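Asker: First the structure, then my questions, so here it is.
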Amino acid sequence: MKLAVSLIASIFASTASAYWLPEALEGVKTCVVPKNATGTDDTPNVVKTTAECGDNSRVVFAKGTTYSLWTPLQLKSLTNVEFVFNGNVSLPDNVSYVESVVADTSIYPGRWINFQGTNVTLTGSEDPQEGWFIGHGELWWPGGAANSVNKGRPHFFSLKVDYLRARHLKVWKPVAWVFSMGGSHVWMTDTLIDARSDDGFPFNTDGIDMSASHSLIDGFTIYNGDDLINVAPPTTNVTVRNMYSSGGHGIAVSCASGAGGDYLFENAVVEDSLIGARFKGSLGTTCDLRNVTWRNFTVRNTSYPIHFIENYVDQEKGLPPGRNLSLAAYATNFRWENFVGQTGQILKDGSCISDPCWSATLGESLFYPQLVVCVIRLITIAGESTDKGIYLLCADGEHCKDFHFSNIDLKAYDGKPAEMECTGLNGISGMGIACTNSTIVMS
Ligand SMILES: *[C@@H]1O[C@H](CO)[C@@H](O)[C@H](O)[C@H]1NC(C)=O
Ligand SMILES: *[C@@H]1O[C@H](CO)[C@@H](O)[C@H](O)[C@H]1NC(C)=O
Ligand SMILES: *[C@@H]1O[C@H](CO)[C@@H](O)[C@H](O)[C@H]1NC(C)=O
Ligand SMILES: *[C@@H]1O[C@H](CO)[C@@H](O)[C@H](O)[C@H]1NC(C)=O
Ligand SMILES: *[C@@H]1O[C@H](CO)[C@@H](O)[C@H](O)[C@H]1NC(C)=O
Ligand SMILES: *[C@@H]1O[C@H](CO)[C@@H](O)[C@H](O)[C@H]1NC(C)=O
Ligand SMILES: *[C@@H]1O[C@H](CO)[C@@H](O)[C@H](O)[C@H]1NC(C)=O
Ligand SMILES: *[C@@H]1O[C@H](CO)[C@@H](O)[C@H](O)[C@H]1NC(C)=O
Ligand SMILES: *[C@@H]1O[C@H](CO)[C@@H](O)[C@H](O)[C@H]1NC(C)=O
Ligand SMILES: *[C@@H]1O[C@H](CO)[C@@H](O)[C@H](O)[C@H]1NC(C)=O
């Protein structure tokens, strides 16, 4: 009987998944992280328990317990370990203390929670009262514009794992950036991030900064104030599906150097947001990105449903000196399919604290910004509109090749068929859409 069970289990493990799933294995050691009985910091116990439990083990955060990670957590060289978050895990609720830690590179490696290794499984709780990673962002957000430039804000997670299985992770009020995803072969399902703020804009609450190739993210719900995900070269082969985004800045691809691609984003509901399907090529740099598809998007009350630009500048960093402004991203085989929805009433959200706004749509003249600044300002004002569902701002047809639009059914805020803004592709045929500065015409 025992033999039969282990035979079935090993067949399952080797045929069904390359991932380390302890429920499919026998003889996995389980260790529970004890709560610090004498002080506030639970990080030493997490480190100690993980080390003692060793490889091929399961480390459990107990239900009904809130673990405080008073110092940053670094777990390296993990092999075949599952972490089960049945209890809550909290960052410190003292802003000036966190700022002092973030400033100290001897204890803060750039992220507060760091997992590195091979075959790591992170399992959250399906109990809505348990298993939250708590950031205490609500203590930081009322700072507004000052918070947006505060270098003392913590980044939450660094996951540098080959074969990461992450399931049911839930994040409550992250201060800013949530997941920085390195490694490769990430399989992440049913993730929830809640960065809704009732006092102050939740700046830079990006969901995933993605550089793990060969990954699938399935089931992702986020309420935030920045990108749901951003994927960039040299990352390849990433699929993200079944997304819900509220308040966000887009399901994004960006490109500033290198080569990459093969990204598929499908089945998304985007509402009350600034941007839906987003590409940002940095101004004055070049890169090579191929095979990117956004499909089956429902977009409601969102300022910029489809936004593709090749002149992106980070408002917090500005344009770095010495950029050659005639350079732009090379984007090849990009597809936008099955979009339905409507633009929003507003053209900017609470993240707009500069003039012109970082999200202003700058027309073709930005490819020559040495031209008079006031011209750009005028074009800015002319460029964006609640009438427009698509912004397609290419340097030229050489940089934007093999573009395909199909089944785009977007309405303007006033209910009329949406318009578009298009530069650089004037007269190019075969895109399924005409490059115009007026009502969208599919062909
Ligand atoms: C990772 O897990 C897979 C599936 O269980 C296994 O085949 C592989 O040997 C593991 N890798 C390491 C380094 O243990
Ligand atoms: C308990 O927390 C204190 C800080 O309050 C820390 O100095 C101590 O190392 C922790 N003890 C254990 C066993 O983790
Ligand atoms: C865990 O955190 C969530 C979110 O802050 C909270 O609603 C819940 O009450 C906490 N659970 C426990 C057992 O403290
Ligand atoms: C917060 O941290 C600062 C700096 O570490 C410390 O001086 C202050 O006493 C802490 N405040 C509370 C309420 O613990
Ligand atoms: C792409 O990634 C998926 C998900 O990890 C994987 O199953 C597939 O083998 C990868 N494809 C290639 C060509 O590497
Ligand atoms: C993009 O698609 C082309 C044609 O199918 C393929 O040759 C190429 O490997 C794909 N990926 C990238 C990143 O170029
Ligand atoms: C399109 O996406 C929605 C969710 O946004 C999903 O319910 C629906 O099944 C998807 N359609 C297809 C054909 O996959
Ligand atoms: C539209 O979205 C904005 C956020 O971008 C939000 O403030 C506003 O309340 C939403 N409007 C409606 C009618 O839901
Ligand atoms: C800027 O880039 C263009 C296009 O690659 C190139 O022709 C030109 O020489 C570059 N200019 C400088 C100053 O590097
Ligand atoms: C749309 O207007 C921009 C200026 O904002 C101009 O550069 C571009 O060529 C126009 N596009 C078309 C298709 O006329």
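Asker: Kindly state, to the nearest 0.05, the FRET efficiency for T38 paired with D272, given R0 = 45 Å and r defined as their beta-carbon distance.
Answerer: 0.45
Asker: So how much slack lies between D198 and S96, counting 0.36 nm per residue of separation and subtracting their Cα-Cα distance, in nm?
Answerer: That works out to 34.6 nm of additional length.
Asker: Over the stretch 227-443, what is the mean sequence separation of C-alpha contacts under 8 Å (at least six apart), divided by residue count, expressed as relative contact order in percent?
Answerer: It rounds to 17 percent for the stretch 227-443.
Asker: Show the residues, 5+ positions off or on another chain, whose built amide H is closer than 5 Å to the amide H of K29.
Answerer: Amide H neighbours of K29: R58.
Asker: Between N242 and N426, what length comes free when the chain is fully extended (0.36 nm per residue of separation minus the Cα-Cα distance, one decimal in nm)?
Answerer: On the way: separation 184, 0.36 × 184 = 66.24 nm, distance 3.40 nm.
Full extension of this stretch gives 62.8 nm more.
Asker: May I pose another question? Please compute the modelled spin-label separation between W358 and K29, points set 7 Å along Cα→Cβ, answer in nm with one decimal.
Answerer: 4.6
Asker: Take the alpha carbon gyration tensor of the stretch 253-358, find the square roots of its eigenvalues, order them as a ≥ b ≥ c, and report rounded if a/c is under 1.5; if not, report prolate when a/b exceeds b/c, else oblate.
Answerer: Here the stretch 253-358 falls in the oblate category.
Asker: Using helices alone, I'd like the mean residue ellipticity at 222 nm for the chain: each DSSP H run of four-plus residues gives -39500 (n - 2.57), total over residue count, nearest 500.
Answerer: Theoretical 222 nm ellipticity from helices: -3000 deg cm²/dmol.
Asker: Could you give me the ³J(HN,Hα) list for the stretch 295-303, computed from phi with Karplus coefficients 6.51, -1.76, 1.60 and θ = phi - 60°, whole Hz, x at Gly and Pro?
Answerer: For the stretch 295-303, the Karplus curve yields 9, 6, 10, 10, 10, 10, 6, 10, 4 Hz.
Asker: Under 16 Å from a point placed 7 Å out from the Cα of K48 along the Cα-to-Cβ direction: which residues of the stretch 69-86 have their backbone N that close?
Answerer: The answer is 69-71, 74, whose backbone nitrogens lie closer than 16 Å to the label point.
Asker: Using amide H atoms built 1.01 Å from N in the peptide plane, name the residues 5+ places from V175, or on other chains, whose amide H lies under 5 Å from its own.
Answerer: G137
Asker: Just want to confirm a number: the relative contact order over the chain, from Cα pairs under 8 angstrom separated by 6+ residues, in percent.
Answerer: Taking the mean separation of contacting Cα pairs over the length of the chain, I get 8 percent.
Asker: What are the extents of the Cα atoms of the stretch 60-209 along their three principal axes, listed from largest to smallest and rounded to whole Å?
Answerer: Here the Cα extents, ordered largest to smallest, are 42, 34, 25 Å.
Asker: Going 7 Å from the Cα of T332 in the Cα-to-Cβ direction, what parts of the stretch 270-296 have a backbone nitrogen less than 11 Å from that spot?
Answerer: 288-291
Asker: Exceeding 29 Å between C-alpha atoms, which entries from my cross-link table qualify? They are K151/K173; K76/K317; K173/K280; K29/K63.
Answerer: K76/K317
Asker: Please list the non-local residues whose amide H lies under 5 Å from the amide H of V253, H modeled 1.01 Å from N, same-chain partners needing a gap of 5 or more.
Answerer: V231, R278, F279, K280
Asker: Assuming a ≥ b ≥ c are the square roots of the Cα gyration tensor eigenvalues, decide whether the chain counts as rounded (a/c under 1.5), prolate (otherwise, with a/b larger than b/c) or oblate.
Answerer: Here the chain falls in the prolate category.
Asker: Multiply the residue separation of S438 and H404 by 0.36 nm, subtract the distance between their alpha-carbon atoms, and state the gained length in nm to one decimal.
Answerer: Here the segment from S438 to H404 would lengthen by 10.4 nm.
Where a number appears in this text, it was derived from the coordinates with a stated rule and is not lab data. What you see is a predicted model, and the numbers here were worked out from it, not measured in a lab. Every residue, glycine among them, receives a Cβ derived from its backbone with ideal geometry; neighbour counts consider all protein chains shown.
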